[in-house]
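Student: First the structure, which I've put down as structure tokens, then a few questions once you've had a look.
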Amino acid sequence: METELQILWAAVVAYVVGGTLAVVTLVLGKRRERTILGLIACGLGLQTLSIALRWERLGHGPFITMFEILCSNVWSLMLAYLIAYWRIPRIRGSAAVVMPLMFIMLGWLMLAHPGEGHFPPTYTTPWLFIHIGLGKVFLGAVLVAVGLSCVILLRRAGIGVSRFQQLPPDRQLDELAFRCMAIGLIFHTLMLIAGAIWAQDAWGRYWAWDPLETWAFITWLTVAFTLHARVTFRVSPQAHATMILMVFVTAFLTFFGVPFISQAAHQGAI
Amino acid sequence: MNRKDVATGAASGGITINLADKYRAVVGLMRRLASLRLTLILFALLACGIVIAYQLSEARTWPVVIPLLLLAANLVAAVATNAVFRRQTALLVFHLSLVALLILVAAGRLTYLTGHVGVTDGAIFDGTLIDAAHGPWHNGNLASVRFISKGFSIDYEPGLHRGPTRNQVAWLGTDGRWRDAEIGDQEALIIEGYRFYTTHNKGFAPVFTWKPDGGPTVQGSVQLPPFPMLQYSQAAEWTPPGATVSIWIMLDIDEVVLDAEDHTRFRLPKNYKLVARIGQERYEMQPGGSVRVGDGVLVFEGLRSWMGYKVFYDWTLPWLFSACALAVASLACHFWQKFSVRRWDE
Ligand code: HEM
């Protein structure tokens, strides 16, 4: 366990250095994009190793305890952002807002207890990976949209206008954020379907409005609301960005708040 | 043209104008109902309804159903009047599959059945449930469903963490043949649309033969409370069929059946006695032992285990899945078409 945690710490250090560099270079008007890309990739590689070692030791993936849920989500969010950062060079400046957001999760992760939990028999199914994997893609897509939305909102608020000059104009950021939300909707829908199939197999009901199901459905509605509002009312990038932040908050509370406060979330552990 | 023709022409013209007016009025109403502003309001209303239904157990249905019905009306009106749907087929298919989903869920709620039953190993499930809830139009054939639990195995990790459940069953097909199957955590037994799921509820069941004076002998079992969940209250009250007195039965186990410190497996206890109390009298019984109860003799045949099943019936499941698959595929198709017009990094 010691080695796993040390490697995880090393990964966190790489992420933090990468994120700090993203903020500092943006403020100084410099560009160190390759270094930042390298540091995030390095952090991701180390974290993958740490997760793999723990997986090997416990015989199951990071799906049970809060520590594991946070760790696997930091991993998937970093991966999603890394792909966006690598494939869409024009939005790289958004790392200066996305990485500090990730610092909050990293801090929470470091505070969580790394002890092990019981792997319930209902989790021994490929649906576990499918359901959780789809949810991670959803959250990753929303994170990228959130990064772009924050840039729009900061610029509108007159903060860092010249610093964020390197990013495309608001209209284009808005379109990209919208595309991310569209991907998010598809994957969230798939996650709900996979979850329903799994729940039917494991618990004999496909939907029972348990706390997690209820909040996941509300999150789905907020995404539908955002997409509709943009298409039908041609809302300003600012208003769209605000709605995306609200979706993110709802999704974040659903993914990390509900399992944390409710013992009854997805009764599967019995 | 004679007078009569003029009169008829005027009359039919009146009807035409009238119909056209009505048509225009209906279309106008539909257009209003199709408002996308209304869609947003209804989304918000549905979210509020869900929160209300979640908070108040006495208002589970209507806060959700009303916004859903309004959304369905809103969507149907939009499909009928909004030209966007004629230009964008994938978008149309997506929204129609949402309507289909809604109809299927409603049909499912009208015809579903859920319930529970405990089945003692070796005994035949006779179509009777301990508790059940069903939609008003449920008309499945549960009464003719038959299966036998032939035993199960459950492994426990230290701390009494339950591992996989494997349950051997035999079930009667509609062709009159018995078939074997193994069911468990992810695998239900499906007979005539009824799904039987093993649960964490299981325990011990003393089996008795009841020989009433002058009546036919019957055999049955008494399912004691779930084990190990209620391992310190293994008692139940029971009245043999046709008897006038009730019997209180307790299983007194003299060993550790599931060791919380170790890897272990669910099994029947070896060292136990069965305590039966009839009125003021107390008897300790071993397998094969008998006792007179009022106007009959009760023979304790031995101990078996019982498995608790969750029962679920909903014929819409495959259709729901198809509607979901169609919805996601058409949604993906819509966005693909929309986004392929311009590159992502432009
Ligand atoms: C129930 C009432 C609904 C109505 C009346 C409705 C109507 C519409 C209409 C007319 C459009 C086309 C807008 C345009 O391109 O100008 C649209 C688009 C869309 N709707 Fe709905 N819809 C409803 C429900 C939903 C729901 C529940 C969802 C779930 C997510 C949804 C998701 C979408 C999506 C993703 C688009 C495409 C946006 C785009 O083209 O970028 N709709 N809807």
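Student: Whether any residue in region A:204-220 is within 16 Å of the ligand (Cβ to nearest atom), among the aliphatic types (A, V, I, L, M) and closer than 19 Å to A:Val142 by Cα is what I want to check.
Tutor: The answer is yes, given that some residue of region A:204-220 is within 16 Å of the ligand (Cβ to nearest atom), among the aliphatic types (A, V, I, L, M) and closer than 19 Å to A:Val142 by Cα.
Student: Shifting gears a bit: Scan region B:178-234 for residues that are touching a residue at least 60 places away in the same chain (Cβ under 8 Å), within 14 Å of chain A (Cβ to nearest Cβ) and among the β-branched types (Val, Ile, Thr) and jot them down.
Tutor: B:Thr198, B:Thr199, listed by residue number.
Student: Which of the residues that make up region B:251-278 are within 19 Å of B:Phe208 (Cα to Cα) and touching a Ser or Thr at 6+ places or on another chain (Cβ under 9 Å)?
Tutor: Listed by number, the residues that qualify are B:Leu268, B:Ile278.
Student: Is it true that A:Ala145 is assigned to a helix (DSSP H, G or I) and either touching a Lys or Arg at 6+ places or on another chain (Cβ under 6 Å) or touching a residue at least 60 places away in the same chain (Cβ under 8 Å) (or both)? Give the derivation first.
Tutor: Numbers: assigned to a helix (DSSP H, G or I): yes; either touching a Lys or Arg at 6+ places or on another chain (Cβ under 6 Å) or touching a residue at least 60 places away in the same chain (Cβ under 8 Å) (or both): yes.
In short, yes.
Student: Now a separate question. Would you check if there is a residue in region A:115-124 being surrounded by fewer than 18 Cβ atoms within 10 Å (Cβ to Cβ), more than 16 Å from A:Pro259 (Cα to Cα) and of a type outside the set (D, E, K, R)?
Tutor: Yes, there is a match, as at least one residue in region A:115-124 is surrounded by fewer than 18 Cβ atoms within 10 Å (Cβ to Cβ), more than 16 Å from A:Pro259 (Cα to Cα) and of a type outside the set (D, E, K, R).
Student: Among the residues of region A:156-195, write down those that are away from the ligand (no atom under 16 Å from the Cβ) and aliphatic (A, V, I, L, M).
Tutor: A:Ala157, A:Ile159, A:Val161, A:Leu167, A:Leu173, A:Ala194
Student: Name the residues in region A:155-183 that are away from chain B (no Cβ under 11 Å), part of a helix (DSSP H, G or I) and of a type in the set (Gly, Ala, Ser), would you?
Tutor: A:Ala177, the sole residue that qualifies.
Student: Kindly indicate which of B:Leu91, B:Leu129, B:Leu36 is away from the ligand (no atom under 15 Å from the Cβ), hydrophobic (A, V, I, L, M, F, W, C) and touching a residue at least 40 places away in the same chain (Cβ under 8 Å).
Tutor: When all the criteria are applied, what remains is B:Leu129.
Student: Then there is this: Would you pick out the residues in region A:187-199 that are more than 7 Å from chain B (Cβ to nearest Cβ) and more than 18 Å from the chain's Cα centre (by Cα)?
Tutor: Across region A:187-199, the qualifying residues are A:Ala194, A:Gly195, A:Ala196, A:Ile197, A:Trp198, A:Ala199.
Student: Provide a single number: the residues in region B:63-94 that are within 11 Å of another protein chain (Cβ to nearest Cβ) and touching a helix residue (DSSP H, G or I) at 6+ places or on another chain (Cβ under 6 Å).
Tutor: 5
Student: Same structure again: If A:Gly158 satisfies all but one of (1) under 18 Å from A:Tyr81 (Cβ atoms); (2) without any contact (Cβ under 8 Å) to a residue 12 or more places away in the chain, what's the number of the condition it fails?
Tutor: All conditions pass for A:Gly158, except number (1).
Student: Ok, one more. Considering each of A:Leu46, A:Leu79, A:Leu128 in turn, give the residue that is over 17 Å from A:Leu253 (Cα atoms), assigned to a helix (DSSP H, G or I), outside the structural domain of A:Met1 (by TED's automatic domain parsing) and out of contact with any Gly (no Cβ under 6 Å at 6 or more places or on another chain).
Tutor: Every option except A:Leu128 fails the conditions.
Student: Tell me, which residue of region A:219-229 that is of a type outside the set (S, T, N, Q) and more than 9 Å from chain B (Cβ to nearest Cβ) is farthest from A:Leu192 (Cα to Cα)?
Tutor: For region A:219-229, the residue satisfying everything is A:Leu227.
Student: Related question: Only one residue in A:Gly59, A:Gly18 is assigned by TED's automatic domain parsing to the domain that holds A:Val97, at positive phi and in contact (Cβ under 8 Å) with a residue 12 or more places away in the chain. Which one?
Tutor: Going through A:Gly59, A:Gly18 in turn, the sole match is A:Gly59.
Student: Evaluate region B:134-152: report whether one residue or more is more than 16 Å from the ligand (Cβ to nearest atom), within 12 Å of chain A (Cβ to nearest Cβ), touching a helix residue (DSSP H, G or I) at 6+ places or on another chain (Cβ under 8 Å) and on the phi < 0 side of the Ramachandran plot. Before the answer, list the steps.
Tutor: At the first step, the residues of region B:134-152 found to be more than 16 Å from the ligand (Cβ to nearest atom) are B:134-152.
Now restrict to residues that are within 12 Å of chain A (Cβ to nearest Cβ): none.
Checking region B:134-152: not a single residue is more than 16 Å from the ligand (Cβ to nearest atom), within 12 Å of chain A (Cβ to nearest Cβ), touching a helix residue (DSSP H, G or I) at 6+ places or on another chain (Cβ under 8 Å) and on the phi < 0 side of the Ramachandran plot.
Student: Then there is this: Just to be sure, is B:Leu96 more than 10 Å from the ligand (Cβ to nearest atom), over 24 Å from A:Val247 (Cα atoms) and crowded, with 18+ Cβ neighbours inside 10 Å?
Tutor: On the way: more than 10 Å from the ligand (Cβ to nearest atom): yes; over 24 Å from A:Val247 (Cα atoms): yes; crowded, with 18+ Cβ neighbours inside 10 Å: yes.
Answer is yes for this residue.
Student: Restricting the search to region B:292-312, which residues are over 30 Å from B:Met229 (Cα atoms) and either β-branched (Val, Ile, Thr) or within 14 Å of chain A (Cβ to nearest Cβ) (or both)?
Tutor: Correct list: B:Val293, B:Val297.
Student: In region A:208-218, which residues are facing chain B (nearest Cβ under 10 Å) and in contact with a Ser or Thr (Cβ under 7 Å, 6 or more places away or on another chain)?
Tutor: Matches in region A:208-218: A:Pro211, A:Trp215, A:Ile218.
Student: Any idea which of B:Leu104, B:Leu70 is within 11 Å of the ligand (Cβ to nearest atom) and aliphatic (A, V, I, L, M)?
Tutor: Within the list B:Leu104, B:Leu70, the selection yields B:Leu70.
Student: Also, I was wondering about something else. Return the residues of region B:313-331 that are among the aromatic types (Phe, Trp, Tyr) and within 8 Å of chain A (Cβ to nearest Cβ); say none if nothing qualifies.
Tutor: Correct list: B:Phe321 only.
Student: Go through (1) in contact with an Asp or Glu (Cβ under 9 Å, 6 or more places away or on another chain); (2) without any contact (Cβ under 8 Å) to a residue 40 or more places away in the chain; (3) within 14 Å of another protein chain (Cβ to nearest Cβ) and name the single condition B:His161 misses.
Tutor: The one condition B:His161 does not meet is (1).
The values are calculated or read from the model by the stated rules, or taken from the named source; none is laboratory data. This one's a predicted model, so the numbers in the text were calculated from it and none came from an experiment. Don't worry about glycine lacking a Cβ; one is built from the backbone with ideal geometry, like all the others, and counts go over all protein chains shown.
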